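**Q** Have a look at the structure that comes next, please.
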Amino acid sequence: MGRGYIVEEAVEAYLSQLCGLTTGPVTGLLVGQSTVQRDFVVLASRTPQRDDSTPATLDSLDKEWITEHARQVSRMLPGGLHILGVFIITEGDAKDIQTSLRQLLHAVENLVSSEHLWSPADDDVTERIMLHVNRKTRKIVCKTFDVKDPKSMAKPADWKYQSGVCSSWSMVSCCLHVDLTVPLPDNSSDIEVLDTCLKGSLKAWAQQIEAGVVLFDGVKLLEDAEFMAGQKRNARQNYSAQLLIKPVDQRSLEDVTQPCGGSLSLSGTIHSRAYVHNNKPKAKLVEKLLKRDLVSTLVTRVRMLVEELLASEELSRGDSERLCLPQRVFTPINTSGPLSVCDYQFSGEDTTELTERLKEMLDINVTGEDFDTSQEMAQVTLRTHTQELEEESASGQEQQKSNYFGVAMASVVALLATAISVLYLNDV
């Protein structure tokens, strides 16, 4: 017997609705939470239609577009939710497209996991769903592949609808102050070079987060302890957590320098949250989900802002200015439980743009009143660029050292994403 999937009834209604909309193949993503015993599917989202494309056929699935959709959706998922697999609705037989879907599963996993900076865990589930729905008969075929094994064979899986799948899930939230400087390469216009540099710098911070100690209601739980046992629970099943970052032994750090064209300086407070199933979850699982969300939300926002800067050529111009990283906002999804998804609001954006983006990416309908924008309201005071120049000049540092930046990133305590300073050292 293969893996079992407990599926929210709203997903059944959504797939049935898609069956009656079009005649061509419809693809999309399945979102939920994995456990060692079974998976929970709470959301399905169709792939948005590409503006300049013709309707897809079985022989011309746009894998690049589907995987990019998966990358964007992954960024909108809080801790505890991730992409479990893909679905396709056709009028044919599942056997006719099994090879194509297997390749698609691997492509989705490779792109999404390329943005992860955390270390894989032994208990991570690597099986992903391949769901086929026959448009005429509504017959469902569910199989899984191990995406970490290119030679894995398809395994049958049990797909079972149920109401109130996440009605008793818990939410764990945490706020973390961050203060971090990320070096930029000399050639910031090369996206591959820039991405490699950002990954290397942020990964050191991510490792600090992974090594941190999580307190639940001020208590450090044993890894194998049941998370909810003895915990105080309110009516909304919300818990608060604290993350303590271990001090770094400066004696263990070596001075390292590298050519640097500038830096991104980030500071502020980020909000993290994770949703946890109610089947006696262990403290180790909750810690993992919360820490991964902390890393993911910061990295996502840095990437989003850098992408905006590259598009406007501000990085290549060498401008020196302070910019706001997008604010994380949440909105509930249409389930029986407390689940929310998130988006990132840039300065100057209104909720209309957020609602349009959520409709396009997740195919959910929300209004401006549905957004929770209160989680990251703290203001951060930063020095002006003029003050920085005066202080650097007064420090008496040698001019030839201005193009090098120490990257002992492990010495950074923590960081966030409410504000970002782009300082180009070549301008000093």
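The values are calculated or read from the model by the stated rules, or taken from the named source; none is laboratory data. As the structure is a computational prediction, the values presented were derived from the model and not from experiment. Note: ideal-geometry Cβ built from the backbone for every residue, glycine included; neighbour counts use all protein chains shown. Heavy atoms of the whole protein, side chains included, go into the accessibility calculation; ligands, DNA and RNA do not. Shrake-Rupley method; radii C 1.70, N 1.55, O 1.52, S 1.80 Å.
**Q** Roll a 1.4 angstrom probe over the protein heavy atoms and tell me the percent of accessible area of region 8-97 that is carbon or sulfur.
**A** Heavy-atom surface of region 8-97 belonging to carbon and sulfur, 1.4 Å probe: 47 percent.
**Q** Let me ask another. Quick check: pseudo-label points 7 Å beyond the Cα along Cα→Cβ at ASN110 and LYS139, how many nm apart are they?
**A** 3.2 nm
**Q** Rounded, prolate or oblate: which one fits region 56-156, using the alpha carbon gyration tensor with axes a ≥ b ≥ c (rounded when a/c is under 1.5, else prolate when a/b beats b/c, else oblate)?
**A** Working: a/c = 1.90, a/b = 1.55, b/c = 1.22.
In terms of gyration-tensor shape, prolate.
**Q** Please compute the modelled spin-label separation between GLN103 and ASP372, points set 7 Å along Cα→Cβ, answer in nm with one decimal.
**A** For the pair ASP372/GLN103, the computed spacing is 4.2 nm.
**Q** Residues in region 275-308 near a label at ALA225, defined as backbone nitrogen under 11 Å from the 7 Å Cα→Cβ point?
**A** 283-284
**Q** Considering only protein heavy atoms, what per residue accessible area in square angstrom results for region 105-207 with a 1.4 angstrom probe?
**A** Values: 4850 Å² over 103 residues.
Roughly 47 Å² per residue, with all protein chains present.
**Q** Taking θ as phi - 60°, what are the ³J(HN,Hα) couplings along region 286-292 by the Karplus curve (6.51, -1.76, 1.60), each to the nearest whole Hz, with x for Gly and Pro?
**A** 4, 4, 4, 5, 5, 5, 5
**Q** In nm, to one decimal, how far is the THR352 label point from the CYS324 one, both placed 7 Å along Cα→Cβ?
**A** A separation of 1.9 nm, rounded to one decimal place.
**Q** Still on this structure: Based on the mean of other beta carbon atoms within 10 Å per residue, what is the order of 299-307, 136-144, most packed first?
**A** Output ranking for 299-307, 136-144: 299-307, 136-144.
**Q** Would you kindly state how much longer the chain becomes between LYS199 and GLU68 on full extension, computed as 0.36 nm times their sequence separation minus their alpha carbon distance, in nm to one decimal? Numbers along the way, then the final one.
**A** Working: separation 131, 0.36 × 131 = 47.16 nm, distance 1.91 nm.
Stretched out fully, the LYS199 to GLU68 stretch lengthens by 45.3 nm.
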